[in-house]
1. Would you mention how many residues in region 60-83 are assigned to a helix (DSSP H, G or I) and surrounded by 13 or more Cβ atoms within 10 Å (Cβ to Cβ)?
2. Which one of these is within 15 Å of the chain's Cα centre (by Cα), surrounded by fewer than 16 Cβ atoms within 10 Å (Cβ to Cβ) and touching a residue at least 60 places away in the same chain (Cβ under 8 Å): D19, D28?
3. Tell me which of these D104 doesn't satisfy, since it passes every other one: (1) assigned to a helix (DSSP H, G or I); (2) at pLDDT 75 or above.
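The values are calculated or read from the model by the stated rules, or taken from the named source; none is laboratory data. Just so it is clear, the structure is predicted and the values come from calculations on it, not from any experiment. Cβ: placed from backbone, ideal geometry, glycine included. Neighbour counts: every protein chain shown.
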Amino acid sequence: MGYIMLKCYNIMVTGKVQDISFRSLIEDIARLYNLRGFVFNDIDSSIKMVCCGENGEIAEFLGELQARGVHKGLVIDEVSKEELPFQMYLPQKFMRLYTDELADIGRKLDIGNNMLMGIKNDTSVLPDIKAGFDSFVIEQREQNQWMKDHNLRLEKILEKLVEK
């Protein structure tokens, strides 16, 4: 049985790759391929990673990332890969690094606030939601009354069984 040589790569993915849980997807796929390494968001809006594994597995991993390029609004413009000429000490399992700075967290909060403002401005669906909720409440009241009647009947049956 021969020794399998692991290769390490420095990889950069550019495009619309941040703020859409892409790092989480990368981590999940890398773990499926038993790769070692880490992934992080960089300040230049790219995602960067170091990963090590068998050469074929890394190629399949990168192919899988390209195939998932339609994931939740993800747009991959380019994937660049450079082999590292040395082995690295890496975690046993591939992992996502949290490198968000306060400015990045603020930017993400601004995105969330804008989404909430959009909801506040578009309240045209609220009457439909209220009607649906009212209908649900009525159904639940009817169900609760039926269960109450049903439980009373069961209670009487059990009392008669105990008497015998």
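1. Taking region 60-83 as the starting set, the residues that turn out to be assigned to a helix (DSSP H, G or I) are 60-67, 71-73.
So of that shortlist, the ones also surrounded by 13 or more Cβ atoms within 10 Å (Cβ to Cβ) come out as 60-62, 64-65, 71.
Result for region 60-83: 6.
2. Values: D28 fails: touching a residue at least 60 places away in the same chain (Cβ under 8 Å).
After ruling out the rest, the residue left standing is D19.
3. Unmet condition: (2).
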